[in-house]
1. Which ones in region 20-53 are assigned to a strand (DSSP E or B) and closer than 19 Å to Leu75 by Cβ?
2. Considering only region 1-37, how many residues are within 17 Å of Ile125 (Cβ to Cβ) and touching a Gly at 6+ places or on another chain (Cβ under 9 Å)?
3. Just name the residue that is surrounded by the most Cβ atoms within 10 Å (Cβ to Cβ) out of those in region 75-94 that are part of a loop (DSSP other than H, G, I, E, B) and of a type outside the set (Val, Ile, Thr).
4. Please find, within region 123-168, the residue that is surrounded by the fewest Cβ atoms within 10 Å (Cβ to Cβ) out of those that are among the hydroxyl-bearing types (Ser, Thr, Tyr) and part of a loop (DSSP other than H, G, I, E, B).
5. Could you say whether any residue in region 228-238 is crowded, with 24+ Cβ neighbours inside 10 Å and among the polar types (S, T, N, Q)?
6. Just checking, does region 111-120 include any residue being buried (at least 23 other Cβ atoms within 10 Å of the Cβ), in contact with a helix residue (DSSP H, G or I) (Cβ under 8 Å, 6 or more places away or on another chain) and within 21 Å of Leu136 (Cα to Cα)?
7. If I go through region 95-117 residue by residue, how many of them are in a strand (DSSP E or B) and among the charged types (D, E, K, R)?
8. Here's a check for you: in region 169-219, which residue that is in a strand (DSSP E or B) and hydroxyl-bearing (Ser, Thr, Tyr) is surrounded by the fewest Cβ atoms within 10 Å (Cβ to Cβ)?
Amino acid sequence: MAALALDVLCVGHASFDQVFSVPHHPLPDEKLFAEGLVLCGGGPAANAAVQGARLGVRTGFSGYLGTDVFGEAHLRELLAFGVDVRGVIRGNSPTPLSTVLVKPGGARSLVNFKGETKALPQDAIDYRDIQARVLLFDGHEPGLSESLVTRPVPKVLDAGSLHEGTRRLMGAVDHLVASEKFAREWLGRDDPSTALEALSQWAPVVVITLGARGLIWRRDGCEGSLPAPRVNAVDTTGAGDAFHGAYAAGLATQRPWEELLCLASVAGAACCEALGARPGLPSLERVETLMSAFVSGDNEGLSC
């Protein structure tokens, strides 16, 4: 097999999503009728790979997909978006399945089913013929990720929540991009500013995303903040995945720090404009349009 050269390789979780739009959260014993339904691929690393591809960079996804109908559908979807799948392992264990209930205003609840599907062992994939300018991990395949962490390229951790995988990888990456939930779970209390300072002992660059309140960051002895772009939020599912995918794409294309944060923030916000994570991942044209309006605003806190 010829060597594969990618801009971004995303390693981690892939699922298949059933996204229902509902008028409210179901009450006990209530039968609720959905107002909308989207069936699509999902998962943090898989969504990040698609987001990068939508922004015009060469991306690959590496992780597990079952040979069931959900795995087949997801694989076809990745290929249709132009994501390289040579790092995908197929098997008889089920493809993880997520059911997402999206309420008015974009808030959502999620139920995930993995069955007996386990994380892949470190030697499951031979990466010698797969090269990438940037590596993105979501922590759900810690073994695969640890086989790549010694590579001399920028490495990003999508720290969405605190679990075994994110614990194992948080000190081995260059960019620790964490959710507010991760920061709260890791610190033991809700204090993003203190968490930012503490997490900076683990990685050279730390970003904590705060949803509609934007983000805070620390890098090279400097720190700052950035507000969130304003959009009409329909569904917040996948906003973090879009942020991480765009962040990695920005690193691969060597965007300046200020532009990189704006790119990721705009992609994450734009993802909220549609029902379902995968359908919401914005195109390069949409991101550039939103960035033009966003960067023209008063965005203090981007530089020292």
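The values are calculated or read from the model by the stated rules, or taken from the named source; none is laboratory data. On a predicted model such as this, the values are computed, not experimentally measured, just so you know. Here the Cβ positions follow ideal geometry from the backbone for every residue, glycine too, while neighbour counts run over all protein chains shown.
1. Hits for region 20-53 are Val38, Leu39, Cys40, Gly41, Gly42.
2. Number satisfying all stated conditions: 9.
3. Only one residue tops the list, namely Phe81.
4. Filtering region 123-168 for residues that are among the hydroxyl-bearing types (Ser, Thr, Tyr) and part of a loop (DSSP other than H, G, I, E, B), the one surrounded by the fewest Cβ atoms within 10 Å (Cβ to Cβ) comes out as Thr150.
5. Applying the first criterion (crowded, with 24+ Cβ neighbours inside 10 Å) to region 228-238 yields 235, 237-238.
Filter once more, keeping what is among the polar types (S, T, N, Q): 237.
Looking through region 228-238, at least one residue is crowded, with 24+ Cβ neighbours inside 10 Å and among the polar types (S, T, N, Q).
6. no
7. Final tally of qualifying residues: 1.
8. Selected residue: Ser179.
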